[in-house]
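See below for the structure under consideration.
The values are calculated or read from the model by the stated rules, or taken from the named source; none is laboratory data. As the structure is a prediction and not an experimental result, all values here were calculated from the model. Don't worry about glycine lacking a Cβ; one is built from the backbone with ideal geometry, like all the others, and counts go over all protein chains shown.
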Amino acid sequence: MIKILQFFLVLLFASSGVVWLSENPGKVEIIWKNYFFETNLLGILLIFFFLISTILFVIYTFSSIKSIPKNFRIKKNEKYLKLANNSLDNIAEALLTGDSGNIEKNSRMLKKYLGNDFFTTFMLFNSSLIKNDLNESLKYLRVLESIPKAKYVAERGKIVLHLKNNNQKEAKKTLLNLCKKYPNDIWFHEKLSRIYAFEGNWELAHDSISHLTKIPDELKSNLANLKILIGAEPLDAYKLSNNSVPVVNETIKFYIDHQNLKKATEVLGKSWNQLLCLDLIKTFMQYKVTGDREALKRYKLVVKVLKKYINEESNETKLSLAFASFEAKIWGEAQKYLEQIKKTERDQRVLKLYTKISEYTKDEKTLSNDEKLLPEPKWKCSSCNSEKKEWQLICENCSEFGKIIWSKSKLSRQIEIDFFKEFLQNPLRHLPKMKREN
């Protein structure tokens, strides 16, 4: 309403001015270089209006002509930005599928559209690694090294390339310098620790990462295992991680050595539902047991800890309770726990234990070798899925560090269903098998 009123007032004043000028045109005489011009005020205003309009038109026309190259560049940049956006989408998809050809093609297009050197060269380096063209990777690494902003990325890329080439000697030499240069960088220290561990030098592997702060959980587990391997205090290892069977096993032994069964039982109770490893029960029931009375005491503690998990999906609790009963010479209880395991889910360990129980009880009832028993579970590498009879810190098949876990543990199932970890897996982390130097 106010705007309408303002417009009406402006229109009123303008029309009043025009009417007044038409009624009082006045008289204007101009003498210029012997020329005489005679007009009125309205004519003078029209001349000024014409001159101003002409000047504005000339300025607008000149500006439009002058801005043609600029407008062309803007339209070109808009087009390139749209194409660059499509290239980035294609690179994201190609990274997930490991399509090195598409990564290379779209990286080159991105360089053309945006003039970017850092990201596109890194992607070309990545593409070369995926297709295992190490000579081409080296070429792009040299380009990365020449870009000031890409210096750190190039240093990491150099380590990746050494490991791809199975050149541990050069990788270790370079890592020693980089660990001094970046004393708190987890990535460099973890890679150096991995090389030492592969060489069997547990002490240096431990020292390479022990001083770091804010260590990720996975690296904490590796550090805890290294502490066990170098003979450090088991409690120090256990404080770092209780997701490792060797760590929990040694901690149970430590408390038994110090005649503290209560603490050993607490450690078993806190870790059992996660690890589900019969070896822990074997250690608890057999390590430095002094007689039947001691075995019975430990059996009661095992039952107290494990019985609440007996109805869960895993049969490891039932089998472990059967083993503890056997060690305590409570044969009937041992048989009862074994018979609770479904026939289709029994493995060779059930047969062996049932056979031992039958020998003591003189019971003719036994499991038949003809039954379709599952093979004994083994340790499994979560990286390459290879199976091992015994736990190892380094997988002999894929050289991964700290990836071997008990196949029946809940950790194994968590890794299998960890969709996002697999979905976002970085292709640069897939390194080849290390080769031991002669």
Q: Look through segment 162-195, keep the residues that are of a type in the set (A, V, I, L, M) and under 28 Å from Asp117 (Cα atoms), and return whichever of them is surrounded by the fewest Cβ atoms within 10 Å (Cβ to Cβ).
A: Ile186
Q: Please find, among Asn135, Asn184, the residue that is without any contact (Cβ under 8 Å) to a residue 40 or more places away in the chain and under 22 Å from the mean Cα position of the chain (by Cα).
A: Asn184
(Q) Here are the criteria: (1) surrounded by fewer than 18 Cβ atoms within 10 Å (Cβ to Cβ); (2) in contact with a helix residue (DSSP H, G or I) (Cβ under 7 Å, 6 or more places away or on another chain); (3) in a helix (DSSP H, G or I). Tell me which single one Ile159 does not satisfy. (A) (1)
Q) Is it true that Lys158 is in contact (Cβ under 8 Å) with a residue 60 or more places away in the chain and within 20 Å of Glu104 (Cα to Cα)? A) no
Q: Would you be able to say whether some residue in segment 203-218 is touching a residue at least 60 places away in the same chain (Cβ under 8 Å), part of a helix (DSSP H, G or I) and outside the structural domain of Lys82 (by TED's automatic domain parsing)?
A: yes
(Q) Can you say whether Leu161 is assigned by TED's automatic domain parsing to the domain that holds Asn135 and hydrophobic (A, V, I, L, M, F, W, C), as far as the supplied structure shows? (A) yes
Q: Would you tally the residues in segment 162-202 being acidic (Asp, Glu) and more than 18 Å from Gly402 (Cβ to Cβ)?
A: 2
Q. From the list Lys139, Lys111, Lys151, which residue is assigned to a helix (DSSP H, G or I), closer than 29 Å to Arg73 by Cα and charged (D, E, K, R)?
A. Lys111
Q. When the residues of segment 202-219 are filtered to those that are of a type outside the set (D, E, K, R) and within 15 Å of Ala232 (Cβ to Cβ), which remaining residue is surrounded by the fewest Cβ atoms within 10 Å (Cβ to Cβ)?
A. His211
Q) Does any residue in segment 396-418 that is within 22 Å of Leu226 (Cα to Cα) come within less than 9 Å, Cβ to Cβ, of a residue that is among the acidic types (Asp, Glu) and modelled with pLDDT of 85 or more six or more places away or on a different chain, and which pairs are these? A) Phe401/Glu190; Trp406/Asp279; Ser407/Glu387; Ser409/Glu316
Q) Do we have Leu129 as modelled with pLDDT under 90, closer than 22 Å to Lys180 by Cα and surrounded by 18 or more Cβ atoms within 10 Å (Cβ to Cβ) here? A) no
Q: Please find, among Leu110, Leu141, Leu81, Leu114, the residue that is among the hydrophobic types (A, V, I, L, M, F, W, C), loosely packed, with under 14 Cβ neighbours inside 10 Å and without any contact (Cβ under 8 Å) to a residue 60 or more places away in the chain.
A: Leu81
Q) Yes or no: Ala295 in a loop (DSSP other than H, G, I, E, B) and either buried (at least 22 other Cβ atoms within 10 Å of the Cβ) or not assigned by TED's automatic domain parsing to the domain that holds Leu393 (or both)? A) no
(Q) Suppose we keep only residues that are assigned to a helix (DSSP H, G or I) and touching a Pro at 6+ places or on another chain (Cβ under 9 Å) within segment 313-364. Which one would you say is farthest from Leu276 (Cα to Cα)? (A) Gln348
Q.
When the residues of segment 163-199 are narrowed to those that are of a type in the set (S, T, N, Q) and outside any helix (DSSP H, G or I), which ends up modelled with the highest pLDDT?
A. Asn184
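Listed here are the residues, each with its yes/no results for (1) under 22 Å from Ser409 (Cβ atoms); (2) among the basic types (Lys, Arg).
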residue	(1), (2)
Val267	yes, no
Leu278	yes, no
Lys282	yes, yes
Asp292	no, no
Leu296	no, no
Leu319	yes, no
Q: Take segment 398-438 and flag every residue that is more than 21 Å from the chain's Cα centre (by Cα) and at pLDDT 85 or above.
A: Trp406, Ser407, Lys408, Ser409
Q) What is the residue count in segment 260-292 for residues that are buried (at least 16 other Cβ atoms within 10 Å of the Cβ) and part of a loop (DSSP other than H, G, I, E, B)? A) 3
(Q) Where the second residue is surrounded by fewer than 16 Cβ atoms within 10 Å (Cβ to Cβ) and in a loop (DSSP other than H, G, I, E, B) and the first is without any contact (Cβ under 8 Å) to a residue 40 or more places away in the chain and lies in segment 272-296, which pairs have Cβ atoms under 7 Å and are six or more apart or on separate chains? (A) Asp292/Lys329
